[in-house]
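Structure, as structure tokens:
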Amino acid sequence: MGHKVHPYGFRLGVSRTWTAKWYADKDYTDLLKEDIGIRQLVATRLANASVSGVEIERGINHVTVTIHTAKPGIVIGKGGANVETMRQQIGNLTKRKVKLEVKEIRQPELDAYLVAANISQQLARRIAFKKAMKQAVQRTMKAGAKGVKIAVAGRLGGSEMARREWDKEGRIPLGTLRADISYAQVHALTTYGRIGVKVWVYRGEVQGEKPRREPVAAPVAAVGQGV
């Protein structure tokens, strides 16, 4: 029986970092609710802006929210109007000063969330799942990925019995900690029911710095004892 580990949680502190960077003792539950509210607000307001992820970093009196998107023009808006509106709405959720940053995803084909979201939209439009999977795999590999795997599960094609289908190309070394693997799970809401879409994209290895080893001191002979 296989033990499935989330690719991000498995790599925390090694080749990935946390999407929420803060620490709290007493106010932990309130700050966690704030984080969830901020993420839900961004997901609702920017549903058509290809937002892949949201990073939240907290200081003493400020909150820095970083939005990763493939369409920064939609997020920023004309003259930065949308960003200012979003900053005010996030400010209503928290008592701290809000700083909003927008980072562009230059290759959306290598981002697992955007690939999965694209497939889920096609499934909702009743496009054949095999065609959607094959096209997504080809686009991702053409963009320079070392490997990609896509799995869909549910009432595929409107069949009475749910099943799981998958397509794969290249290699996906899930057990290698230094492997840069983008992972996402998105639900497609079809008329027949919910279809789950999972995507793994292997983008190469992360070349981190090797930990420095302190030189081991030579043992000092005890003073005053005969040899």
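Assorted remarks:
- Residue in segment 158-170 that is assigned to a helix (DSSP H, G or I), within 16 Å of Arg194 (Cβ to Cβ) and over 21 Å from the mean Cα position of the chain (by Cα) present: yes
- In this entry, Leu123 passes the filter for residues that are touching a Phe, Trp or Tyr at 6+ places or on another chain (Cβ under 8 Å), surrounded by 14 or more Cβ atoms within 10 Å (Cβ to Cβ) and part of a helix (DSSP H, G or I).
- Residues (assigned to a loop (DSSP other than H, G, I, E, B) and closer than 13 Å to Ala112 by Cβ) located in segment 134-157: Ala143, Ala145
- The sole residue among Arg126, Arg106 that is free of Cβ contacts under 8 Å to residues at least 60 places away in the same chain and out of contact with any strand residue (DSSP E or B) (no Cβ under 9 Å at 6 or more places or on another chain) is Arg106.
- Screening the candidates Val115, Val102, Val75 for the property of being part of a strand (DSSP E or B) and either surrounded by 19 or more Cβ atoms within 10 Å (Cβ to Cβ) or among the basic types (Lys, Arg) (or both) yields one hit, Val102.
- Within segment 24-63, tally of residues that are over 23 Å from Tyr113 (Cα atoms) and assigned to a loop (DSSP other than H, G, I, E, B): 7
- Among (1) within 22 Å of the chain's Cα centre (by Cα); (2) surrounded by fewer than 13 Cβ atoms within 10 Å (Cβ to Cβ); (3) of a type in the set (Lys, Arg); (4) part of a helix (DSSP H, G or I) - the single one Lys131 does not satisfy: (1)
- Test for Arg87: is it over 18 Å from the mean Cα position of the chain (by Cα) and of a type outside the set (Gly, Ala, Ser): yes
- Val54 modelled with pLDDT under 90 and of a type in the set (A, V, I, L, M, F, W, C): no
- Test: residue in segment 44-51 that is under 22 Å from Ala184 (Cα atoms), surrounded by 15 or more Cβ atoms within 10 Å (Cβ to Cβ) and of a type outside the set (A, V, I, L, M): yes
The values are calculated or read from the model by the stated rules, or taken from the named source; none is laboratory data. Being a predicted model, the structure only gives us computed values, none of them experimental. Positions of Cβ are backbone-derived with ideal geometry, glycine not excepted, and every protein chain shown enters the neighbour counts.
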